[in-house]
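Colleague: Quick one: this structure, given as structure tokens, is what I'll be asking you about.
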Amino acid sequence: MPALEPLIAAAIAENQKDFLTPSQIASSNAIMGLDTQLISDKTYFVIEEDGQIAGCGGWSRRATLYGGDHSTGRDAGLLDPSKDPAKVRAMYTHPAHTRRGIGRLILSLCEQAAAAEGFTTLELMGTLSGQPLYEAYGFHVVEQVEDARGGAPVPLVRMRKKVTS
């Protein structure tokens with residue numbers, strides 16, 4: 001987990017620069033981050049490239065849609081695969097490794113694993129910087145929201161996709 005913290009900080013700070021103001025990026029730190037429940041549940045993936053951590057992300061069978069360990073409003077209740085979507089969570093790519101297929105690889109691993117547990121739909125709360133990747137992978141926007149828990153309101157998009165694996 002300590003090795004992921006610099007990657008997550010860099011992804012939040014750098015990958016959102018073309019989409020958010022500096023105050024929104026600072027605010028993002030209150031609503032984003034690593035949820036160690038994903039690691040405990042063994043549903044979190046770390047991708048290495050040339051011996052360095054290039055990206056990470058996972059999926060969850062739990063109700064929390066987004067946020068890190070420090071975020072308020074988390075719900076560890078288990079989802080019902082017959083009616084609830086699995087949650088894609090905590091997706092981060094190091095700025096030096098963007099646009100190399102790392103996010104797509106993590107999404108495919110999440111989709112395969114969720115499908116193996118009987119989930120038929122995936123859901124995520126995406127950042128504006130992540131939205132193009134998610135749309136290219138087949139997610140569609142179902143809701144646009146703002147989260148101001150960190151001060152400045154941060155625009156987010158709730159997205160869903162039918163599992164195809």
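Colleague: What number of residues within the stretch 1-56 are assigned to a helix (DSSP H, G or I), touching a Ser or Thr at 6+ places or on another chain (Cβ under 8 Å) and without any contact (Cβ under 8 Å) to a residue 40 or more places away in the chain?
Modeller: Residues flagged as assigned to a helix (DSSP H, G or I), touching a Ser or Thr at 6+ places or on another chain (Cβ under 8 Å) and without any contact (Cβ under 8 Å) to a residue 40 or more places away in the chain within the stretch 1-56 amount to 1.
Colleague: Continuing with this model, one more query. Just one of the numbered conditions (1) touching a Pro at 6+ places or on another chain (Cβ under 8 Å); (2) within 21 Å of ASN29 (Cβ to Cβ); (3) open to solvent by less than 40 Å² (accessible area, probe 1.4 Å) is not true of LEU122; which one?
Modeller: All conditions pass for LEU122, except number (2).
Colleague: I want to confirm something. Restricting to the stretch 146-165 and keeping residues that are open to solvent by 40 Å² or more (accessible area, probe 1.4 Å) and part of a strand (DSSP E or B), which single residue is nearest to ILE31 (Cα to Cα)? Quick ask: steps written out before the conclusion?
Modeller: Filtering the stretch 146-165 for residues open to solvent by 40 Å² or more (accessible area, probe 1.4 Å) gives 146, 148-149, 151, 153, 158, 160, 162, 164-165.
The next check asks that each one be part of a strand (DSSP E or B); those that pass are 146, 158, 160, 162.
Details: GLU146: 11, ARG158: 14, ARG160: 20, LYS162: 26 Å.
Out of the qualifying residues, it is GLU146.
Colleague: Which residue pairs have Cβ atoms closer than 7 Å, lie 6 or more positions apart in sequence or on different chains, and pair a first residue in the stretch 61-80 that is of a type in the set (Phe, Trp, Tyr) with a second residue that is modelled with pLDDT under 85?
Modeller: Pairs found: none.
Colleague: Can you run down the residue pairs with Cβ atoms below 6 Å, 6 or more apart or on separate chains, where the first is in the stretch 140-152 and touching a residue at least 12 places away in the same chain (Cβ under 8 Å) and among the hydrophobic types (A, V, I, L, M, F, W, C) and the partner is in a strand (DSSP E or B) and open to solvent by less than 70 Å² (accessible area, probe 1.4 Å)?
Modeller: VAL141/VAL157; VAL141/MET159; VAL142/ARG158; VAL145/LEU156
Colleague: Just name the residue that is most open to solvent (accessible area, probe 1.4 Å) out of those in the stretch 36-67 that are out of contact with any helix residue (DSSP H, G or I) (no Cβ under 8 Å at 6 or more places or on another chain) and small (Gly, Ala, Ser).
Modeller: Top of the filtered list is SER40.
Colleague: Which residue, of SER108, SER82, is assigned to a loop (DSSP other than H, G, I, E, B), on the phi < 0 side of the Ramachandran plot and not aliphatic (A, V, I, L, M)? Steps first, please.
Modeller: Values: SER108 fails: assigned to a loop (DSSP other than H, G, I, E, B).
Going through SER108, SER82 in turn, just one is assigned to a loop (DSSP other than H, G, I, E, B), on the phi < 0 side of the Ramachandran plot and not aliphatic (A, V, I, L, M): SER82.
Colleague: Something else now. Assuming LEU34 fulfils every condition listed in (1) in contact with a Leu (Cβ under 7 Å, 6 or more places away or on another chain); (2) at pLDDT 95 or above; (3) closer than 18 Å to ASP147 by Cα apart from one, which condition is it?
Modeller: Failing condition for LEU34: (2).
The values are calculated or read from the model by the stated rules, or taken from the named source; none is laboratory data. Note that the structure is a prediction, hence the values are computed from the model and not measured. Don't worry about glycine lacking a Cβ; one is built from the backbone with ideal geometry, like all the others, and counts go over all protein chains shown. Surface accessibility is based on the protein's heavy atoms, side chains included, excluding ligands, DNA and RNA. Shrake-Rupley method; radii C 1.70, N 1.55, O 1.52, S 1.80 Å.
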